[in-house]
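Participant: Okay, here's the structure, questions in a sec.
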Amino acid sequence: MIQLASQDQEIENCFAVMRQLRPHLQAESFVATVRAMMAEGFQLAYLQDQGAVACVAGFRIQRSLVAGKNLYVDDLATDETLRSSGHGAAMMAWLRQLAKDKGCSEIHLDSGVQRHRAHRFYLNRNMDIVAYHFSELLSD
């Protein structure tokens, strides 16, 4: 069953899997960072397998001129020891249904250019590569 993390302990329990995707994260600031993001519309979903978090998805429902109302997936990670067990597919199906239920017309996400396995996963779920993502690090 997929649940939304609402309690600090639930958020904290998601850290180990999220850190596999985002290794720069620090345990001591994770809950506070997620809480600050939640104040801006971020939500954190998780799926457990035998009592442990197996898959996490950070997402937000937003509006944009290009996509209208959409669900944007910030983060999607399955524990590396449990990949190819159907957890990621279950999470994507859950996100798709949530997006439909909330009146979204699209789901969007970005994926690092080096993440070839993830790209196959998304393409196998009828997602298309539709844009390049550009970024610039801003210095002080």
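Participant: Whenever you get a sec, compute what percent of the accessible area on the stretch 11-140 sits on carbon and sulfur atoms (1.4 Å probe). Write out the running numbers ahead of the final one.
Facilitator: Details: 4240 of 8360 Å².
The nonpolar share, carbon plus sulfur, comes to 51 percent.
Participant: Moving on. Between the stretch 6-61 and the stretch 91-114, how many Å separate their Cα centres?
Facilitator: Measuring centre to centre over Cα atoms gives 17 Å.
Participant: Let me ask you something else. With every protein chain in place, what's the accessible area of ASP79 (1.4 Å probe, Å², nearest 10)?
Facilitator: Estimated to the nearest 10 Å², ASP79 gives 30 Å².
Participant: Springs between alpha-carbon pairs under 10 angstrom, Gaussian network model over the chain: which of ARG117, ARG63, ARG19 fluctuates most?
Facilitator: Answer for the Gaussian network model of the chain: ARG117.
Participant: Using only the alpha carbon atoms of the chain, find the Kirkwood hydrodynamic radius as the inverse mean reciprocal pair distance, in angstroms to one decimal. Don't jump to the answer; show the numbers that get you there.
Facilitator: On the way: mean 1/r = 0.0631 Å⁻¹.
With all distinct Cα pairs of the chain included, I get 15.9 Å.
The values are calculated or read from the model by the stated rules, or taken from the named source; none is laboratory data. This structure is a prediction, so every number in the text was calculated from the model and none was measured. Only protein heavy atoms, including side chains, enter the accessible area calculation; ligands, DNA and RNA are left aside. Shrake-Rupley method; radii C 1.70, N 1.55, O 1.52, S 1.80 Å.
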